[in-house]
1. Which of (1) hydrophobic (A, V, I, L, M, F, W, C); (2) exposed (fewer than 13 other Cβ atoms within 10 Å of the Cβ); (3) closer than 30 Å to Leu415 by Cβ does Leu149 not meet, given it meets every other one?
2. If Thr69 meets every condition in (1) under 28 Å from Asp43 (Cβ atoms); (2) not in a strand (DSSP E or B) apart from one, which number is that one?
3. Specify which of the listed residues (Gly303, Gly255) is at positive phi and surrounded by 17 or more Cβ atoms within 10 Å (Cβ to Cβ).
4. In the range 223-233, what count of residues is obtained for those that are crowded, with 22+ Cβ neighbours inside 10 Å and either modelled with pLDDT of 90 or more or part of a loop (DSSP other than H, G, I, E, B) (or both)?
5. Out of all the residues in the range 35-45, which are open to solvent by less than 70 Å² (accessible area, probe 1.4 Å) and at pLDDT below 95?
6. Tell me, yes or no, whether the range 379-402 has at least one residue that is among the small types (Gly, Ala, Ser), under 24 Å from the mean Cα position of the chain (by Cα) and modelled with pLDDT of 95 or more.
7. Which fully enclosed strands (runs of 3 or more DSSP E) of the range 374-454 have 2 or more residues being surrounded by fewer than 15 Cβ atoms within 10 Å (Cβ to Cβ)?
8. Within the range 346-363, identify whether any single residue is β-branched (Val, Ile, Thr), farther than 29 Å from Ser174 by Cβ, open to solvent by 50 Å² or more (accessible area, probe 1.4 Å) and touching a strand residue (DSSP E or B) at 6+ places or on another chain (Cβ under 7 Å), and answer yes or no.
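The values are calculated or read from the model by the stated rules, or taken from the named source; none is laboratory data. Quantities reported herein were computed from a predicted structural model and do not represent experimental measurements. Virtual Cβ from ideal backbone geometry, glycine too; neighbours counted across all protein chains shown. Only protein heavy atoms, including side chains, enter the accessible area calculation; ligands, DNA and RNA are left aside. Shrake-Rupley method; radii C 1.70, N 1.55, O 1.52, S 1.80 Å.
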Amino acid sequence: MGQIVGAYQDGGGFHGFLLSGGSYTTLDDSLATGGTTASGINDAGQIVGTYTDASGTHGFLLSNGSYTTLDDPVALAGTTAAFGINDSGQITGSYTDSIGHVHGFLLSGGTYTTLDDPSAGNITRAAGINDMGQIVGHYSSVSGNHRFLLTIAPNPAPPAGTTASMILRGSNASPAVAGQYEIYNIGNNAILAGYQLGQVGTDWQFNGLGGVGGGNTTMLLRNAGTGGFELYGVSNNIVSAAFLGTVGLDWQFAGFGDFSSRGESDMILRNGNTGALQVYGIANNQITDTASLGTVGLDWQVGGFGNFSSRGTSDMIMRNTTTGGLQVYDIDHNQLTGSAFMGTVGVDWQIIGVGNFSSMPGESDAIMRNATTGGLQVYDIANNQITGSAFLGTVGLDWQFAGVAPVRGPGTSDLVLRNVTSGAFEVYDIANNQITGAASLGQVGLNWQLGGLVADPPAGAMGGAGANAQLVQAMAGFGGSGAGESLNTAPLSAETSQQQLLSTPQHA
């Protein structure tokens, strides 16, 4: 469109400018105290650049007359610069980390992705991006300075033989990976491939995974400051995102399941102060309805969800932290339809996971672990009763529960543990209430935290009748028994600010 941006200097310092139709317009970010420079413009007239204040440098986006500050969330404060923007609004630039290394970044859909050329030493800068998403920039190495061209493409589909996927999140305590997400495709007791999913602000925390229709997995994040929930559809890439609303932080995520009996992945929250349980129906990335399940004493904790009633519903186990009692609650059409006491187990035994360990069709069994010895015990559950039990063995307490998923092959319920010292993952194949094999899945640095494991492709709503559809995180510590004492609804409120779709990242 013949528009040009740049910078000039006068007695007052640096200023950006826009040259359009032969007329110059000065550009000064209102927050700038040390100067403004303009670096890129797209056909919509959106301008990016950099301004300086007392804290350092910051990128900016000027759109429709309004300036927005751009600071990469993993950058050392005051070290972000923006250089280029394309017609899709994707922005490139650079930032410096806490140890002085310079990285490029791509800002797409509200998400920052770090760009590091694999041949680079300590410096990579992304200078521009075209409408095909190709990025140009430069990097330094021991042999000098070099230019690069980066073409970003979506992650490929999971390799043949993939039966499960594992999602990891970079720890907020590690600036180089904070808020980043990775997905690993697993099958035949091995990691077959691994890819980056994207990055989201460190105030968003991983809550859980669920299975949905359309071949996608649901990843739920929650804002630790606002209580807002964001739902992401994952199919080896982030393929959708939706803001579900906000609820008070005294309400905590308890788990996914098909509580509405409509083949969905619905959500249960629990109030950490009152013990109240609230179910939210979710369809097409929206909250469709909500209902109270009642209130139970906080000495009862949620243990897990599965088809314990043998009716194909998503039922809930709760455990009394004082007595060790186990209570199952049948849930159908967003209501408690029945309850049964299943017995008592010593309080040094904790429920860690749910799956079909007995190999009986349609059954949802539970694994408990002794917090003192590391012993593993499986309990077969059918018709709301414990029908059998078997000891699986003992594993050192430096190995912690990571998930239950079909790691060996389709339809299996295998146990994955992670070593808290080394970061190594180990899978234990389980069939007929026995460990039938074990294999190492490899090792990932402890600056990467486990999100969860899930069947891939998803077998349906989490907590449904299928063994592969079980929630694969230990749902302990949320409280919960007995009939409902009071009803206390917790509607999710609308909010205009939405965490944007995670982009598909690829490091150069």
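1. That leaves (3) as the condition not met.
2. Against the list (1) under 28 Å from Asp43 (Cβ atoms); (2) not in a strand (DSSP E or B), Thr69 comes up short only on (2).
3. Numbers: Gly303 fails: at positive phi.
None of the others qualify; the one that does is Gly255.
4. Selection size over the range 223-233: 2.
5. Hits for the range 35-45 are Asn42, Gly45.
6. Checked the range 379-402: at least one residue is among the small types (Gly, Ala, Ser), under 24 Å from the mean Cα position of the chain (by Cα) and modelled with pLDDT of 95 or more.
7. Values: elements: 375-382, 385-394, 399-405, 414-419, 424-431, 434-443.
Passing ranges, in order: 385-394, 434-443.
8. Going residue by residue through the range 346-363, those that are β-branched (Val, Ile, Thr) are 347, 351-352, 354.
With the extra rule that they be farther than 29 Å from Ser174 by Cβ, the set shrinks to 347, 351, 354.
If we keep only those that are open to solvent by 50 Å² or more (accessible area, probe 1.4 Å) as well, we get 347.
Still in the list and also touching a strand residue (DSSP E or B) at 6+ places or on another chain (Cβ under 7 Å): none.
Scanning the range 346-363, I find no residue that is β-branched (Val, Ile, Thr), farther than 29 Å from Ser174 by Cβ, open to solvent by 50 Å² or more (accessible area, probe 1.4 Å) and touching a strand residue (DSSP E or B) at 6+ places or on another chain (Cβ under 7 Å), so the answer is no.
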